[in-house]
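To keep things clear, I will list the structure first and then write my remarks on it.
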Amino acid sequence: MLRYLTAGESHGRALVVIVEGLPAGLPITVAEIQGELARRRLGFGRGPRMRFEQDEVTLLGGVRHGLTLGSPLAIEIANTEWPKWEDEMSPHPGATEKALTQPRPGHADLAGMQKYGFGDARNVLERASARETAARVAAGTCAKGLLARLGVQLLSHVIQLGPVESKSERRPTPDDLEAIDASAVRCFDPDAEDAMVAEVKAAAKVGDSLGGVVEVLGYGVPVGLGSHVHWDRKLDSLLGQALMSIQAVKAVEIGEGFEVARLRGSEAHDAIAWDDEAQSYRRESDRAGGIEGGISTGSLLVARAAMKPLATLNRPVLKTVDVVTKQETVSFKERTDVTAVPALGVVAETMMALVLASEALRKFGGDSLDEVCRNHDAYVSSLG
């Protein structure tokens, strides 16, 4: 089992993540983590913070000479803007000069203020911010490293940005990841890419924001991750929760989930065939997204996540109420992006990786990477 816990606020001194359950002997370096964090900052439509903010990573424990020790891994991601926020975000007793009292519709502001009894929205928004996902991406780098040793590769791409949808029926493979990351909006369809960029420019011109949909693909996922025996062991359930936990995600789909709901049973399922050459079973389609009965089938794993438009706008027009005066006003403005959908794909990869790595460790066990790989190889060789 793999567990992780993040801590820290968006403009605090640093984000911290502790990852527990990684086997000993897994290679991990600061450079690898920084590489994944750089991917999280990609995408046309991101705000200026993405350009000047660098992720300063420190491995605080659990790694020696580039290899995990089997003990909890602690990672710190320092906030390079901390000197500007040291007074505002100080942990020491004191009062802020001006509380934020105009909560933003669509954000955690008002509900969080009511739940915890706060009079300042910053006490909520700092933790609710998607900046927290940087800590998840750091943890996910380790999960991806473990999965790679088991032959599993993950990638994501944007299939919709605002009203613009990709019409391409071709799915990218791991060999296409570099080209996807080179795309201005991380879209594999060049025809749709141009229209997406134009839509971002149009929204930026009027100070608005855009949502969209990303698809996450898992190649090489072995049969048998997850289980049918308990509701909280089902792989699709675990993935659904993980993807829905990403800030601003409002819908998740596994495989052709919404489309198959329109079909008859004779059309909706993936036929099973025997491959003589590979001496294994295979599915003739992937409508189920590589999961049946809560268990991975060995087919391509497919999940999609839909992000709503960001609640913070560069043109504050969203109607709200001041929590002190109770007078109608507009929500406050913070520095923001036009869209974070390209980054959503990288975070969604992270969440899928953390779920799959945890289930792989549950299935194959082992205190060292060599032992996990031996158990995996023995299991795979027994299939068929």
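The values are calculated or read from the model by the stated rules, or taken from the named source; none is laboratory data. Quick caveat, the model's predicted, so the values are computed rather than measured. A quick note on method: Cβ atoms are made from the backbone with ideal geometry, for glycine too, and the neighbour counts reach across all protein chains shown.
Kindly list the number of the only condition in (1) of a type outside the set (Val, Ile, Thr); (2) closer than 30 Å to GLY117 by Cβ; (3) free of Cβ contacts under 8 Å to residues at least 24 places away in the same chain that fails for PHE332. So PHE332 meets the others, but not (3). On the stretch given as the stretch 281-325, residues that are farther than 30 Å from PRO105 by Cβ and touching a strand residue (DSSP E or B) at 6+ places or on another chain (Cβ under 8 Å) total 18. Within the stretch 205-233, the set of residues being touching a Ser or Thr at 6+ places or on another chain (Cβ under 9 Å) and over 26 Å from CYS373 (Cβ atoms) comprises SER209, LEU210, GLY211, GLY212, VAL214, GLU215, TRP231. Restricted to the stretch 25-41, and to residues there that are within 30 Å of VAL124 (Cβ to Cβ) and of a type in the set (A, V, I, L, M), the residue that is surrounded by the fewest Cβ atoms within 10 Å (Cβ to Cβ) is ALA38. For ALA143, the conditions (1) modelled with pLDDT of 95 or more; (2) buried (at least 19 other Cβ atoms within 10 Å of the Cβ); (3) touching an Asp or Glu at 6+ places or on another chain (Cβ under 9 Å) all hold with the exception of (3).
When the stretch 309-353 is filtered for residues that are within 30 Å of the chain's Cα centre (by Cα), among the hydroxyl-bearing types (Ser, Thr, Tyr) and not in a loop (DSSP other than H, G, I, E, B), the ones remaining, listed by number, are THR320, THR350. A single entry from SER227, SER296, SER266 fulfils the requirement of being in contact with a Pro (Cβ under 9 Å, 6 or more places away or on another chain), farther than 27 Å from GLU193 by Cβ and either loosely packed, with under 13 Cβ neighbours inside 10 Å or modelled with pLDDT of 95 or more (or both): SER296.
When restricted to residues that are touching a residue at least 60 places away in the same chain (Cβ under 8 Å), part of a helix (DSSP H, G or I) and surrounded by fewer than 20 Cβ atoms within 10 Å (Cβ to Cβ), the stretch 362-375 contains 5. Screening VAL206 with (1) in contact with an Asp or Glu (Cβ under 8 Å, 6 or more places away or on another chain); (2) within 27 Å of LEU318 (Cβ to Cβ); (3) loosely packed, with under 15 Cβ neighbours inside 10 Å gives one miss only, at (1). Is it the case that the stretch 190-201 has a residue that's of a type outside the set (Gly, Ala, Ser) and part of a loop (DSSP other than H, G, I, E, B)? There is no residue in the stretch 190-201 that is of a type outside the set (Gly, Ala, Ser) and part of a loop (DSSP other than H, G, I, E, B).
Among the helices (runs of 4 or more DSSP H) confined to the stretch 72-185, the ones with at least 1 residues that are among the aliphatic types (A, V, I, L, M) are located at 109-116, 122-128, 133-149, 177-182. Determine, yes or no, whether SER358 is among the polar types (S, T, N, Q), farther than 17 Å from ALA148 by Cβ and crowded, with 19+ Cβ neighbours inside 10 Å. Answer is no for this residue. Against the test of being assigned to a loop (DSSP other than H, G, I, E, B), in contact with a Gly (Cβ under 9 Å, 6 or more places away or on another chain), in contact (Cβ under 8 Å) with a residue 60 or more places away in the chain and surrounded by 18 or more Cβ atoms within 10 Å (Cβ to Cβ), the options LEU22, LEU15 yield a single qualifying residue, LEU22.
Residues that are in a loop (DSSP other than H, G, I, E, B) and modelled with pLDDT of 95 or more were ranked within the stretch 52-71; the one that is farthest from TYR4 (Cα to Cα) is HIS65.
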